[in-house]
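Down below is the structure, laid out as structure tokens.
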Amino acid sequence: MSVLRNLESKIAGLVEGTFSRAFRSEVRPVEIARKLAREMEEHKSLSLSRAYVPNEYRVFLSPRDRQRFADYEPALADELAGYLLEHARRERLVLLARPVIEFETDDRLGLGEFGIQTGVVRADDARGSVAEQSGRTMIYSAAGRVAAPLEERARPRAQTALLRLDGRPFVIGPAGATLGRSRQCDVVLDDPNVSRQHAEIRPRGGSWVLSDLGSTNGSSVNGRRINGPEVLRRGDEITLGTSVVGFDLE
């Protein structure tokens, strides 16, 4: 069993077997693990015979993603730290101390986006521990996209979105909305060809973006099936199953 697969199995136990369903569209812990390892390698410092890497990692989450982790955040941080320790050993990277993972909330992040900032905590005889931050917080998304550093991001406020289904208007607020057959969705579609959690619409960078949530029949915009996040424009028609949803802006 690979280290990542072993980590995923452990995290699945933390959330009582709901791992694959709970994190379909939101941040997946195993994806955080991959990007932590990437940041570790990106920030290594080479000496004559060793490669030193950061041992402190701050993971920034959107409010909704952070809320999902709340019940088992300490256990998750410990599992991720263990994964980084094993990764460093496997790649022969040198840590000054066991990795420490800290979670923080950042309102600038949307659902499925997360940021990572690295740092090195070293012992100092006179003052105790000294932290040296990298100064850049790289942003990733559940779709694998890498955005600009958080400090350089401009997130203009998106206009209010309006969906029309069978003549009924649905106003979509700043948090966005999920669409599907499940009664837990923000917009419920009574259509057997629609998955329980079919798609979501979220504000991102001043626009509204449609993302399919791994549905059985896929999602289309203006008759074209989407293969990834799709920026929506006024007047677009979204097809989910046999249901057509109109998109507008207020």
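Observations, loosely collected:
- Every listed requirement among (1) at pLDDT 90 or above; (2) more than 22 Å from the chain's Cα centre (by Cα); (3) of a type outside the set (Asp, Glu) is met by Leu249 save one, (1).
- Scanning segment 180-221 for residues that are touching a helix residue (DSSP H, G or I) at 6+ places or on another chain (Cβ under 9 Å) and closer than 13 Å to Phe247 by Cβ turns up nothing.
- Subset of segment 191-219 [crowded, with 23+ Cβ neighbours inside 10 Å and acidic (Asp, Glu)]: Glu200
- Search result, residues across segment 216-250 that are among the basic types (Lys, Arg) and without any contact (Cβ under 8 Å) to a residue 12 or more places away in the chain: Arg224, Arg225
- Condition check for Leu109: aliphatic (A, V, I, L, M), surrounded by 13 or more Cβ atoms within 10 Å (Cβ to Cβ), within 30 Å of Ser211 (Cα to Cα) and modelled with pLDDT under 90: yes
- Answer residue from segment 175-190, given it is among the polar types (S, T, N, Q) and in a loop (DSSP other than H, G, I, E, B) and is surrounded by the most Cβ atoms within 10 Å (Cβ to Cβ) among those: Ser182
- Within segment 24-72, being open to solvent by 10 Å² or more (accessible area, probe 1.4 Å), farther than 14 Å from His87 by Cα and in a helix (DSSP H, G or I) holds for Glu31, Pro63, Arg64, Arg66, Gln67, Arg68, Ala70, Asp71, Tyr72.
The values are calculated or read from the model by the stated rules, or taken from the named source; none is laboratory data. What you are looking at is a predicted structure, and each value in this text was computed from that prediction instead of being measured. Neighbour counts are summed over all protein chains in view; Cβ atoms, including those assigned to glycine, are modelled from backbone coordinates with ideal geometry. The protein model used for the area step is the full one, side chains on, heavy atoms only, and it has no ligands, DNA or RNA in it. Shrake-Rupley method; radii C 1.70, N 1.55, O 1.52, S 1.80 Å.
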